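Undergrad: The structure follows.
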Amino acid sequence: MGNSQAINLNNITVYIEDGLDAVGKRAADVFCSALTDAPTAAYGFATGSTPVCLYQELIARYKDGSLDMGEISAFNLDEYYPITKDNDQSYDYFMSTELFNHVNVKPENRDIPSGEAPNPAAECLRYEAAIRARKDFKLQIVGIGENGHIGFNEPAATFPATTNYVELTESTITANARFFDSAADVPKHAITMGVGTIMMAEQVLLIATGSKKSQIVRDSILGDIDPQVSASALQMHRNVTVVLDTDAARDLLAQL
Ligand code: F6R
């Protein structure tokens, strides 16, 4: 596979791939190997630009008959609050258009925090309970924010243990404004799996691409375990796979 490189850092396997296609294929290999092992398990998905290359590859494999997601349950990391499901900026909408409309995950087996719930605190409890009820949370896909967030777990004094209602930081609102007409239109809150919720997955697949992520990828993998960088908690997880493109890997490689 091109100029692929694999490094082992403590419990973390890091793949470095040349280009987004190769990142998507490698991430799909990791996902599909979990799926072969546990075809009826619960899987956690992510939104944002990063996992799109993975979703395109999963769609291609579904179309050529080599992928079957018919028995999985799908959870998602997070959702803006408030937002309606039919808003084309909602994460629910994103998952439908980028993945679920094109593969065979059953609609009744999909769950995502609701941006329409009347009471966000109650919705956090419902969502956390739904995940915890699963004893087969096989794999969680995560991207990483430029501030080190996974899900919307923004820099904080402690790692959030459970699904929580958060106020988005200015840095996240600015980063996500590219999807909206203006920064003023980005919702100010979100409901997100906690770092503890993510850590319950048997395996975590972190994908990062582009030079803007290079520094935070290095800090998350090689830096102190610090809730100011929520991805650094993954150093305590026993089964993490990281897939990077060469741009996102630059600072990490420079420090080895
Ligand atoms: C998305 C999510 C976020 C993104 C992160 C990176 O569900 O929880 O943590 O993964 O903000 O976003 P992109 O991939 O757009 O750079």
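Undergrad: Name the residues in the stretch 39-72 that are under 16 Å from Met193 (Cα atoms) and in contact with a strand residue (DSSP E or B) (Cβ under 9 Å, 6 or more places away or on another chain), would you?
TA: Correct list: Ala42, Tyr43, Gly44, Phe45, Ala46, Thr47.
Undergrad: Next up: What residue, among those in the stretch 36-67 that are more than 16 Å from Val103 (Cβ to Cβ) and of a type in the set (S, T, N, Q), is surrounded by the fewest Cβ atoms within 10 Å (Cβ to Cβ)?
TA: Out of the qualifying residues, it is Ser49.
Undergrad: Next up: Take Gly70 and decide whether it is surrounded by fewer than 22 Cβ atoms within 10 Å (Cβ to Cβ), away from the ligand (no atom under 16 Å from the Cβ) and part of a loop (DSSP other than H, G, I, E, B).
TA: yes
Undergrad: If Arg126 satisfies every condition in (1) over 13 Å from the mean Cα position of the chain (by Cα); (2) in contact (Cβ under 8 Å) with a residue 12 or more places away in the chain but one, which is the exception?
TA: (2)
Undergrad: Out of curiosity, is Glu17 open to solvent by less than 20 Å² (accessible area, probe 1.4 Å) and closer than 30 Å to Asp185 by Cβ?
TA: In short, no.
Undergrad: Of the conditions (1) out of contact with any Asp or Glu (no Cβ under 9 Å at 6 or more places or on another chain); (2) within 26 Å of Asp92 (Cα to Cα), Thr163 clears all except one; give me its number.
TA: With respect to (1) out of contact with any Asp or Glu (no Cβ under 9 Å at 6 or more places or on another chain); (2) within 26 Å of Asp92 (Cα to Cα), Thr163 is out only on (1).
Undergrad: Which residue is most open to solvent (accessible area, probe 1.4 Å), if the candidates are limited to the stretch 79-97 and must be touching a residue at least 40 places away in the same chain (Cβ under 8 Å) and assigned to a helix (DSSP H, G or I)?
TA: Phe94
The values are calculated or read from the model by the stated rules, or taken from the named source; none is laboratory data. Note that the coordinates shown come from a computational prediction; the quantities given were computed from them, not determined experimentally. Every residue, glycine among them, receives a Cβ derived from its backbone with ideal geometry; neighbour counts consider all protein chains shown. Surface areas here come from the heavy atoms of the whole protein model, side chains and all, with no ligands, DNA or RNA. Shrake-Rupley method; radii C 1.70, N 1.55, O 1.52, S 1.80 Å.
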